[in-house]
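Bear in mind these aren't lab numbers, they're just calculated from the coordinates by the rules spelled out. Quantities reported herein were computed from a predicted structural model and do not represent experimental measurements. No Cβ is skipped: glycine too gets one built from the backbone with ideal geometry, and neighbour counts run over all protein chains shown.
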């Protein structure tokens, strides 16, 4: 028997960048670029869905790069960086999003979903800062029995076509002033103001073609309605 075989392409050389396998992290990054392309009007929702299906099924960099090839301002994986151009760059491409956690961030503070339903109820652990990164999903976070170490909880959102519902204890206050909406809506049934109650939510980030609802539990809302 001979020694270990070396992996090579049909030409006998090393495997090219386009043939390298891609990871879930790379697929997710491409998905974020496609989201931004929709927000900039470069892609329709139908095109986004088709390209996302291709990206999720991609096994190599060549297959993954194919969904980005006609979008300006995108650096494709496996290619050297292009020389700087004059003029204004395409906004939203080639830069990291400020709402996403840095590497090494506690995974318990990150909620990611893709075309799924996410529910947090009962005595679940709440980090001082929560990161929501969801596509076409329904997210319900019930803070009424949640275990917290801080009075103020910051919620950083980067969502696309999702519905987010935040259920908070009575006397909770909320700050939604730093939330950017693109084709989205807010339903706010919670008192605004300074952090004087048991919980103060500060919601930041961006929601595209989705919705966010902040409310008290139904029983609390009913009592408030009866007391009027």
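The fewest-to-most ranking of 201, 34, 45 by surrounding Cβ atoms within 10 Å reads 45, 201, 34.
Taking the Cβ-Cβ separation of residue 124 and residue 178 as r and a Förster radius of 22 Å, what is the calculated FRET efficiency to the nearest 0.05? Here the calculated transfer efficiency is 0.35. In this simple spin-label approximation, residue 213 and residue 50 carry label points 7 Å from Cα along the Cα→Cβ vector, and these lie 3.4 nm apart. Projecting label points 7 angstrom from Cα along Cα→Cβ for residue 185 and residue 66 puts them 3.9 nm apart.
How do 110, 30, 168, 25 rank when sorted from fewest to most other Cβ atoms within 10 Å of their own Cβ? Write out the running numbers ahead of the final one.
Working: 110 16, 30 24, 168 27, 25 8.
Ordered from fewest to most neighbouring Cβ atoms within 10 Å, 110, 30, 168, 25 come out as 25, 110, 30, 168.
Where q = 0.26, 0.30 Å⁻¹, what log10 of I(q)/I(0) comes from the Debye formula for segment 17-65, counting one point per Cα? Log10 I(q)/I(0), no solvent term: -0.91, -1.07. Pairs of alpha carbons in segment 107-227 separated by more than 17 Å make up 53% of all such pairs.
Sorted from fewest to most neighbouring beta carbons within 10 Å, what does the list 160, 216, 119 look like? Working shown, then result.
Working: 160 24, 216 20, 119 12.
Listed from fewest to most nearby Cβ atoms, that is 119, 216, 160.
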